[in-house]
1. What's the Cα-based Rg to Rh of the protein assembly as shown, Rh via Kirkwood?
2. Taking Cα centroids, how far is the range A:119-155 from the range A:33-97 in Å?
3. How large is log10 of I(q)/I(0) for the range B:8-169 at q = 0.13, 0.17, 0.19, 0.20 Å⁻¹ when the intensity is taken from the Debye formula with one equal scatterer per alpha-carbon?
4. So, with +1 on the Cβ of K and R and -1 on the Cβ of D and E, and no other charges, what is the size of the charge dipole of the range B:96-154 about its Cα centre, to the nearest 20 debye?
5. Only loop residues by DSSP count here, and only those with at most 14 other Cβ atoms within 10 Å; note down the GluC sites (Glu not before Pro) in the range A:83-139 that meet that.
6. For chain A, modelled as a GNM with alpha-carbon contacts under 10 angstrom, which of A:L34, A:L156, A:L85 fluctuates the most?
7. Kindly give the distances from B:T163 to its copy-mates, label point to label point, with each label point 7 Å from Cα along Cα→Cβ, as nm values to one decimal ordered shortest first.
8. I need the calculated FRET efficiency for the pair B:D140 and B:A26, taking r as the beta carbon distance and R₀ as 45 Å, to the nearest 0.05.
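Read the figures in this text as sums done on the coordinates, not as results from a lab. Keep in mind that what you see is a predicted model, and the values were worked out from it rather than measured. Positions of Cβ are backbone-derived with ideal geometry, glycine not excepted, and every protein chain shown enters the neighbour counts.
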2 protein chains.
Amino acid sequence: MPDDHSDPDLAFAPHDHARCAGDAMARAETSLALGGQRLTAVRRRTLQILLESHRALGAYEVLDRLVADGYGNQPPVAYRALEFLEEQGLVHRIRRLNAFTACMHPGEVHAPAFLICRACHAVAEAPAGTLGAALQAAADTLHFTIERSTIEAVGLCPACKATAGTATRGIA
Amino acid sequence: MPDDHSDPDLAFAPHDHARCAGDAMARAETSLALGGQRLTAVRRRTLQILLESHRALGAYEVLDRLVADGYGNQPPVAYRALEFLEEQGLVHRIRRLNAFTACMHPGEVHAPAFLICRACHAVAEAPAGTLGAALQAAADTLHFTIERSTIEAVGLCPACKATAGTATRGIA
DNA sequence: GTTGACATGTTATACTGTAACGCTATATCC
DNA sequence: GGATATAGCGTTACAGTATAACATGTCAAC
Ligand SMILES: [Zn+2]
Ligand SMILES: [Zn+2]
Ligand SMILES: [Zn+2]
Ligand SMILES: [Zn+2]
């Protein structure tokens, strides 16, 4: 059995997602412990919820899930947990969708870029490649200093391209 | 007097903005005429409003301006005009700001990328350069087909870097 | 002038995000 | 253990963003 956890993003491919999510949660715990940050019950559950699929969830979807688990049922509960996780680099905000998704490469420094399938709503974190450099180069010609960047592409994932028109596929 | 209308984006530099905006409006008229689309009063005024500065305006800011000119004062009036202009490639949506800005390169095919100054709120459309290609390359490795992309960077424009901390500068 | 298509005006509502306050849990220091 | 400080959570109330649905108006083609 091949190692299906080599990097090239597997959001679009079938894979051992239980392990995928478990690994991510473990990395999150390590990373937070190192930084002296607290992974409280709400925060942990929020991250778990996002890790259940390679999709982006709206704050209110997350909130619904938290409520079902007995946590506070007001928007700030979800927003606070999500913002904390984003600050810690464990979650990314997908502005195009007004939604959040778990980071698949926590720890590594990365200007994240996302590929969003409009059919199955899977979200993959694209391999950085020369992307960051290209954006930096564009900024340089205008003498602009980049602090944060948002790169998001909408289109069709391989599975949905194959089934052209059909609905959900894969882990999304 | 040098031609200050050579491309490298001038949003961050002083320039003859009346001509800058006038040119853009003229290109818009041509482009719509070719496509058989109608530049109605609301649409024209909406584009003018966005062309007054190199900033992004929220739909409700645009609406306020339209109301002041005697147009309908409900959100759909502004959203419809903005969406029409965006479909025609004359306006871009800046998701990071929940706002809209006039396109500075209408006609040309371009996967737009924006540089947003967090100090003076100027928004420049970055020269495409290798950016589109880099994103496409990243997508290719996952066999993802890009249909639309959102590229936005937040940081400091040259003027605001110089004044480090001071407020508004330039045309923004 | 009637028809049909498109655009605008209007009502109402849905969705997304935050400010502010008070309570509770946790860590720290004595 | 008890006092103190801090961070996190629960809640109320509201602000900001966006859209569905329907009525009215405008314009060009026939
Ligand atoms: Zn997975
Ligand atoms: Zn898909
Ligand atoms: Zn200008
Ligand atoms: Zn600036």
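1. 1.00
2. The two parts, judged by their Cα centres, are 24 Å apart.
3. The Debye formula, applied to the Cα set alone, gives -0.67, -1.08, -1.27, -1.35.
4. It works out to roughly 220 debye.
5. Of the GluC sites (Glu not before Pro), the ones in loops of the range A:83-139 whose Cβ has at most 14 other Cβ atoms within 10 Å are A:E108.
6. In the Gaussian network model the winner is A:L34.
7. Label-point distances to the other copies, shortest first: 5.4 nm.
8. 0.75
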